[in-house]
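Since the structure comes first, as structure tokens, the remarks are kept for the end.
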Amino acid sequence: MPETQHTPVTILGLGAMGQAIAATLLRGGRPTTVWNRTAGKDAGLVADGATGAASVAAAVEKGGLIIAVLSDHASVHDTLDPIAGQLAGRQLLNLTSTAPEEARELAAWAAAHGVDYLDGGIMAVPAMIGRPGASILYSGSQTLFDEHRETLELLSVADYFGADAGLASLYDFALLSNMYAMFTGFFHGAALLRSAGVSASTFAERAVPWVTAMAQLLPEYARVVDSGDYTTPFQPLSFHKPSVDAIVRASRDAGVALDIVTPIKNLIDRQIADGHGPLAFERTVEELG
Ligand code: NDP
């Protein structure tokens, strides 16, 4: 059933992200109650029309959808365990970043207390919330997702991945793995070029179109991985070895640490040593898990 225009929400946690979420929901016309462990962080929101609560118990008493935006898995338990008895029949959306197993544990905890649980992975920084480009990945209770979809779409694009509460987090971490590898690759390149007096800004002008062009290869790489057939490579592992070895040599010569490139070299070398050199580079997924 679609929600009414004025679904009340209770935000637990007013760090940078909780503030952004509360402000966006408030602007979207949702009656918004806010609570934070350390007092005083709700002043701006209260001035804008939110209801400040002095305790978690008082905050959730206001009814509606409870949204936890806390530091980590432990802080969700710290906050909700003492009032678990108050939560039966309620709906909990956890936007705190948690590992998949932690999200599943919270879903089981919620079920044991009669709470409907949806987990969310935020793919945005606070300034992006409520603006184009923000995305939040959801899994867990489809009932909760469907019922509150309009409210969730005030925050960002909202995608639901299934009943497994850990799945949104798994997608989140898969995307973040991609992001961290891309950023640290940029840092390595910036360190290399700095040895020749080239600024990181100059490098960035080249790196953005390069990374964008390379990202276009991902669907074809994915097709090969999903086929499980690495025997007709676009570029075999043996093709990549000389390039990566040269990057290692160039890095050593430039006095750049090898923390970023060594794992890539090791992955390629190990597969070649095991006789997989003629196979596609995409076989690396099999080496990882
Ligand atoms: P902050 O560090 O700014 O805020 C953390 C919040 O958690 C504060 O409200 C803090 O309260 C509260 N908190 C911490 N420990 C406890 C505890 N034991 N009991 C009760 N409250 C506690 O983090 P953000 O707001 O930036 O992030 C919140 C969540 O959103 C995190 O899980 C983060 O990974 C995720 N996220 C954040 C992004 C970002 O760019 N900021 C991007 C994507 C996800 P107090 O004020 O009392 O310390």
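The values are calculated or read from the model by the stated rules, or taken from the named source; none is laboratory data. As the structure is a prediction and not an experimental result, all values here were calculated from the model. Methodologically, a virtual Cβ is constructed for each residue, glycine included, from the backbone with ideal geometry; neighbour enumeration extends over all protein chains shown. For the accessible areas, the whole protein counts, side chains as well, though only heavy atoms, and no ligand, DNA or RNA atoms are used. Shrake-Rupley method; radii C 1.70, N 1.55, O 1.52, S 1.80 Å.
A simple spin-label model places pseudo-atoms 7 Å from Cα toward Cβ; at residue 142 and residue 266 they are separated by 4.2 nm. A Förster radius of 22 Å, combined with the Cβ-Cβ distance separating residue 218 from residue 286, puts the computed FRET efficiency at roughly 0.80. Look at the alpha carbon pairs under 8 Å that are at least 6 residues apart: their mean separation over the length of the range 9-164 gives a relative contact order of 20 percent. Its relative contact order, with pairs defined as Cα atoms under 8 Å and 6+ residues apart, puts the chain at 13 percent. For the pair residue 199 and residue 99 in one chain, pulling the backbone fully straight at 0.36 nm per residue adds 32.3 nm over the alpha carbon distance. Full extension of the chain between residue 235 and residue 252 yields a length gain of 3.5 nm, computed as 0.36 nm times the residue separation minus the alpha carbon distance.
Could you order 42, 253, 159 so the one with the most accessible surface comes first? Probe is 1.4 Å.
Result of the area sort, largest leading: 253, 159, 42.
Cross-link partners for residue 241 among the aspartates and glutamates, with Cα-Cα distance under 15 Å and sequence neighbours closer than 8 places in the same chain left out: 269, 274, 282.
When 93, 288, 267 are compared by accessible area of protein heavy atoms, the largest-first order is 288, 267, 93, using a 1.4 Å probe.
Relative contact order for the range 36-126: what is it in percent, counting Cα pairs under 8 Å that are at least 6 residues apart? Could the numbers behind the result be given before it?
On the way: 94 pairs, mean separation 22.9, N = 91.
Relative contact order comes out at 25 percent.
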